[in-house]
Amino acid sequence: MLITNIKTEILTVVAAACRNLFGLQPEPLKLGYPPQVELGDFTVECFPLAKQFRQNPAKIAQTIAAEIEPSESIQSVRAVGPYLNVKIHNHALFGGVCDEIVRQKESLGNADRGQGQRVMVEYLSPNTNKPLHLGHIRNGVLGMTVSKLLETTGHTVIKANLVNDRGVHICKSMLAWLKWGEGRTPETTGTKGDHFVGDWYVRYAQAENQQPDLEQGTQEMLRKWESGDPETLKLWELMNGWVYGGFAETYQKLGLEFDAFYYESHTYNLGKDLIQMGLEKGAFVETEDGAVIAKLPVNEFGTQRDGSQKVETLLRSDGTSVYVTQDLGTAKMKFDEHQLDRSIYVVGSEQNYHFQCLFKLLDMLGFEWAPECYHLSYGMVNLPEGKMKSREGTVIDADDLIEEMFQLAADEIWQRDSAGRLSDEEVQKRAFAIGMAAIKFYLLRVRPELTINFDPKESISFDGFTGPYCQYAYARCASILRRAQTQDLASVDADFSLLGNKEELQLIRALIQFPEVVEEAARDLSPARVCNHLFIVAQTVNQFYHKHPVLSAESSPLIKARLALVNASAAVIKKALALLGIETLEEM
RNA sequence: GCGCCCGUAGCUCAGCUUGGAUAGAGCACCUGACUUCUAAUCAGGUGGUCGCAGGUUCAAAUCCUGCCGGGCGUGCCA
């Protein structure tokens, strides 16, 4: 029997008992889990019934428990205080869950809560004047995991990258390269393209202090770019091309994927028509000097320092657009182009105010989809020495970090392989998977809104609440399943009624809860929920593994039953890791 | 000033949406377990006024109000 059917049966039976005893349909009841597995597999609280039937909840629990007859799946219902603790027959519980999980395979944990809704997840949004850093990694793994969570719960997801490819900061690296580059390229210097361009940006920043006239040069270049000067555009395309080449490598290593790219060079003029529309509707107003502003409601935005209403500029007095102007246009374009039902922006919390404004402005313009825009805000990643500041060079470069994690994992693997059995290729493959697991898990395991104070020591740890720990639990399962193939068990049937010790019960519960966790994680856009539950599954697997032999269990039917449990556990861990963008390894 | 976010063990966090069984992990520290399916593991121990004060409730880490501490922002930058 499917586990969902068992859950439904419990609630149905309790409701029926209430009707018999009190002659009334009870308020909707909640199915939970007792704090210890020894108490039962499921629990129903009787507090709501106490209110409804005006009786002591413990008394009600007792009466109901006495009323319920055991069934094919329900072994017993016991009242413990105000709780109805339900024990399911072990053969039904373990057999049902293991069977269900194995049959679902990749669709494990899927749900249709999305009902095909079209959702855009915009994330990463890099600048093309410097390489990616640690903050981008947090953004990237968040965006990817949220996308996968939505996909797995029945949404059609469009992953978008809004590339900031224009502006004065881009001109700085262009100018520096023109002045001092002497025609060098990423190819001639053997430098990754984004780092190559980033180096010229740094070079500019260094020279800026001594040569204030450089500033004029970049402004001049920006004007040329905007007027479409062919040579400037050519240089711009050349250098951006280098950056994209470099980015592509990093995306690949991090497993970041995109279905749509937006470039600010295309979008920066969008939105002016919407401003006009807003003026006509009376939503926005024009000031004396020709700028266009919107007045923000005090109840949502508070007041300015002097107590007056807050105001947002939408169009400069010279008629040119600002950040929010183009974002208004881009927001509409996204909905028009992709028939979106929902639009999610994965952007750091320092832009909370910007998105609050943006969404309010869309609302003021009367777009009915405005409430479907959501800013998935995440906290900054600080270093031990403080904030990351690219201008001061206090950043952790994404490629450097990836390389460092890889090296650490490789060292660890070599230490464990003193006999030197592993090929270089195998070591590299494992080291990469383990290193990336460590960093991704480290960034995803806390709620997005929390600031992370990057602790290098903790981030590279492979023990405890980490990605490699979870990978290891999977590898152990895989090892058992591999060895089982060499045993002759084909003719034996699993006897699930032989399962039921504490560790097995804890494990099966963790597996049962997995689909619920995936739904909650998708609903809350919170990968941390997946991390936490994945860790619980891995932990219970390790406890079970340590205490109860699988392949040398007392009887063949027990071996088969435990193998099924191991198989189901492996499937859940694999799916959970996949949602987090972490590879599984058959051996570690 | 105003807005948003955070405050739970020495450190990093979970639990808060939807109030409910003795508040859970990891790290660190101490003790123990590899001739046994991988010790990147497991078992045990030490460690908590859930920021403070009120309120709602049979019941509050969880909901409400006020305060304190920290972070991020706060109209022609992105």
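The values are calculated or read from the model by the stated rules, or taken from the named source; none is laboratory data. Note that the structure is a prediction, hence the values are computed from the model and not measured. FYI the Cβ positions are ideal-geometry reconstructions off the backbone, even for glycines, and counts take in every protein chain you see.
Take A:Ala510 and decide whether it is at pLDDT below 95 and more than 9 Å from RNA strand B (Cβ to nearest atom).
When the stated conditions are applied, A:Ala510 does not pass them.
For region A:22-36, indicate whether the set of residues that are assigned to a loop (DSSP other than H, G, I, E, B), on the phi > 0 side of the Ramachandran plot, out of contact with any strand residue (DSSP E or B) (no Cβ under 8 Å at 6 or more places or on another chain) and more than 7 Å from RNA strand B (Cβ to nearest atom) is non-empty.
Scanning region A:22-36 turns up at least one residue that is assigned to a loop (DSSP other than H, G, I, E, B), on the phi > 0 side of the Ramachandran plot, out of contact with any strand residue (DSSP E or B) (no Cβ under 8 Å at 6 or more places or on another chain) and more than 7 Å from RNA strand B (Cβ to nearest atom).
Among (1) modelled with pLDDT of 95 or more; (2) surrounded by fewer than 19 Cβ atoms within 10 Å (Cβ to Cβ); (3) of a type in the set (Gly, Ala, Ser), which single condition is A:Gly228 missing?
(1)
Of all residues in region A:384-400, which are buried (at least 17 other Cβ atoms within 10 Å of the Cβ) and either among the polar types (S, T, N, Q) or more than 12 Å from RNA strand B (Cβ to nearest atom) (or both)?
A:Ser390, A:Val395, A:Ile396, A:Asp397, A:Ala398, A:Asp399
Taking region A:70-108, which residues are part of a loop (DSSP other than H, G, I, E, B), away from RNA strand B (no atom under 16 Å from the Cβ) and not aliphatic (A, V, I, L, M)?
A:Pro70, A:Ser71, A:Glu72, A:Ser73, A:His89
Which condition number does A:Asn352 fail, the rest of (1) over 21 Å from the mean Cα position of the chain (by Cα); (2) without any contact (Cβ under 8 Å) to a residue 40 or more places away in the chain being met?
In the conditions (1) over 21 Å from the mean Cα position of the chain (by Cα); (2) without any contact (Cβ under 8 Å) to a residue 40 or more places away in the chain, A:Asn352 misses (1) alone.
Looking only at region A:406-443, filter to residues that are under 27 Å from the mean Cα position of the chain (by Cα) and β-branched (Val, Ile, Thr); which one of those is nearest to A:Thr250 (Cα to Cα)?
By that ranking, first place goes to A:Ile439.
Take residues that are in contact with a Phe, Trp or Tyr (Cβ under 7 Å, 6 or more places away or on another chain), more than 15 Å from RNA strand B (Cβ to nearest atom) and within 30 Å of A:Lys575 (Cα to Cα) and tell me which of the helices (runs of 4 or more DSSP H) falling wholly in region A:122-197 contain 1 or more.
Here the list reads A:134-152.
Mind checking which pairs have a first residue in region A:295-311 that is touching a residue at least 60 places away in the same chain (Cβ under 8 Å) and a second that is acidic (Asp, Glu) and within 8 Å of RNA strand B (Cβ to nearest atom), Cβ under 7 Å, 6 or more apart or different chains?
Matching pairs, first to second residue: A:Leu296/A:Glu312.
(1) among the small types (Gly, Ala, Ser); (2) over 18 Å from the mean Cα position of the chain (by Cα); (3) surrounded by fewer than 21 Cβ atoms within 10 Å (Cβ to Cβ): which one isn't true of A:Ser125, the others all being true?
A:Ser125 satisfies every listed condition except (2).
Determine, yes or no, whether A:Lys59 is in contact (Cβ under 8 Å) with a residue 24 or more places away in the chain and either surrounded by 15 or more Cβ atoms within 10 Å (Cβ to Cβ) or in a helix (DSSP H, G or I) (or both).
No.
I'm told A:Gly114 meets every condition in (1) within 13 Å of RNA strand B (Cβ to nearest atom); (2) of a type outside the set (S, T, N, Q); (3) touching a His at 6+ places or on another chain (Cβ under 9 Å) except one. Can you identify the failing condition by its number?
The one condition A:Gly114 does not meet is (1).
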